[in-house]
Amino acid sequence: MNLAELGGRKYLRFKQKLSPHFQELDVKTERAPTEGTNTPVLSGRIMSLRKQTPSDFLKQIIGRPVVVKLNSGVDYRGVLACLDGYMNIAVEQTEEYVNGQLKNKYGDAFLRGNNVLYISTQKRKM
């Protein structure tokens with residue numbers, strides 16, 4: 001059976017890993033995708049979605065290398081020791097980077113939550 005025989009509505013089934021947070025994508029489209037485009041018009045739903053909250057993410061990265069960027073633009077890189085609900089962060093083996101250049105090294109650092117712009121995971125150095 002080809003797409004023209006499906007009677008107006010076309011169904012596409014994608015089984016692909018999008019990220020660790022998605023298992024399977026089941027998409028129903030209103031029309032077949034046109035040539036030259038790689039995205040069909042979607043009217044379907046995502047199946048088997050595993051949601052991860054920011055709190056879950058933060059619990060997973062405790063003890064792992066992170067980059068903490070402050071509102072001032074300064075980066076702190078080190079191992080995330082702990083954090084609280086106010087985003088106060090304790091980092092071990094901390095390095096301070098200003099404009100991408102290493103300025104200082106600290107054993108332990110405490111970063112006040114209202115100064116934090118974001119936390120990102122950092123690839124481990126070999």
- Qualifying strands (runs of 3 or more DSSP E) (wholly inside the stretch 52-122; at least 2 residues being surrounded by 12 or more Cβ atoms within 10 Å (Cβ to Cβ) and within 20 Å of the chain's Cα centre (by Cα)): 65-70, 75-83, 116-121
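Output the residues belonging to the stretch 52-84 that are under 16 Å from Thr94 (Cβ atoms) and of a type in the set (D, E, K, R). Spell out the reasoning first.
First pass over the stretch 52-84, keeping only residues under 16 Å from Thr94 (Cβ atoms): 61-70, 72, 74-83.
Within the stretch 52-84, Arg64, Lys69, Asp75, Arg77 qualify.
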- Taking the stretch 86-104 as the region of interest, how many residues are of a type in the set (Gly, Ala, Ser) and either farther than 15 Å from Asn115 by Cα or modelled with pLDDT under 95 (or both)? 1
- Scope the stretch 82-126; condition among the polar types (S, T, N, Q) and touching a residue at least 12 places away in the same chain (Cβ under 8 Å); matching residues: Asn88, Gln93, Thr94, Asn99, Asn114, Asn115, Ser120, Thr121, Gln122
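The values are calculated or read from the model by the stated rules, or taken from the named source; none is laboratory data. Because the structure is a prediction, the values reported are computed rather than measured. Note: ideal-geometry Cβ built from the backbone for every residue, glycine included; neighbour counts use all protein chains shown.
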